[in-house]
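Just below is one structure, and these are the notes that go with it.
The values are calculated or read from the model by the stated rules, or taken from the named source; none is laboratory data. Keep in mind that this is a model prediction, so the values were computed, not measured. Positions of Cβ are backbone-derived with ideal geometry, glycine not excepted, and every protein chain shown enters the neighbour counts. Accessible surface areas use protein heavy atoms only, side chains included; no ligands, DNA or RNA. Shrake-Rupley method; radii C 1.70, N 1.55, O 1.52, S 1.80 Å.
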Amino acid sequence: MTAPGPAAGAQDGAAHDALADEVLSPARIAALLDARSRRLAARGQALPETRARLRTLVCQAGAERFGLPVEAVAEVAPFRPCTPVPGAPPALLGLSGRGGVLLSVLDLAAALGLGAEAPEDGRWHLVVLRRETPRIGLRVERALAVVDALVDEPLGDRPVSGRARAGADDPQGFPLVNLPALLRPFLGARQPA
């Protein structure tokens, strides 16, 4: 085998220069820069959501929306009138039967210190909480939707603490209800929340 002569080296160099010109032509450079710009622009729009999500039942109580954790909700049903309890706090509407079980029914708006507004059609919803004893239902103006809410602020120790949004199209969001803190005054010191 013989070493390539000067003519062979010149041919290889010319072929390399032609390949480099073709690969890095002005049109190729413009196409590469355009593709890179599109990728960079898409990165800013497609950032993955890193905030926690909470499966939430969004309810209307008073003039506001509130979120209740879905894992604490047993069912949502139409509200039926209750039997009043003499001497009960104003938020305790009374007792009601549901599926053969006695429920203590609280008005969520009154329990939160808000004025209750009757729904336009006069129909309220009852949110039955997932608890053993005592069984509790919350009267709300409307149970609106179940959403995977983006948590902006986590729950705190107060009955209304934390904030979540139903998604990007819900910029205002809604406060979250801390059910153990909400129920504490109604259950007494010995009852578990």
Query raised in the report: Which ones in region 153-175 are within 23 Å of Phe186 (Cβ to Cβ) and of a type in the set (A, V, I, L, M, F, W, C)?
Result: Leu155, Val160, Phe174
Query - Matching residues in region 34-46 - criterion: being modelled with pLDDT of 75 or more and either open to solvent by less than 100 Å² (accessible area, probe 1.4 Å) or of a type in the set (Ser, Thr, Tyr) (or both) - result: Asp34, Ala35, Ser37, Leu40
Query raised in the report: Can we say Gly115 is open to solvent by less than 60 Å² (accessible area, probe 1.4 Å), modelled with pLDDT under 85 and under 19 Å from Leu92 (Cα atoms)?
Result: yes
Report summary line: Note on Thr83: of the conditions (1) among the hydroxyl-bearing types (Ser, Thr, Tyr); (2) at pLDDT below 90; (3) open to solvent by 80 Å² or more (accessible area, probe 1.4 Å), unmet is (2)
Report task. Can you tell me which residue within region 144-161, out of those that are in contact (Cβ under 8 Å) with a residue 60 or more places away in the chain and open to solvent by less than 50 Å² (accessible area, probe 1.4 Å), is farthest from Thr56 (Cα to Cα)? Result -> Val160
Query raised in the report: Looking at (1) open to solvent by less than 30 Å² (accessible area, probe 1.4 Å); (2) touching a residue at least 40 places away in the same chain (Cβ under 8 Å); (3) not acidic (Asp, Glu), which is the only condition Val105 fails?
Result: (2)
**Report entry** Candidates Glu141, Glu132 - the one that is acidic (Asp, Glu) and open to solvent by 60 Å² or more (accessible area, probe 1.4 Å)
**Finding:** Glu132
Query raised in the report: Does region 19-29 include one or more residues that are hydrophobic (A, V, I, L, M, F, W, C) and at pLDDT 80 or above?
Result: yes
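One line per residue, one yes/no per condition, for (1) polar (S, T, N, Q); (2) modelled with pLDDT under 85; (3) in a loop (DSSP other than H, G, I, E, B):
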{"position": "Pro119", "(1), (2), (3)": "no, yes, yes"}
{"position": "Gly122", "(1), (2), (3)": "no, yes, yes"}
{"position": "Ala143", "(1), (2), (3)": "no, no, no"}
{"position": "Asp157", "(1), (2), (3)": "no, no, yes"}
{"position": "Leu182", "(1), (2), (3)": "no, no, no"}
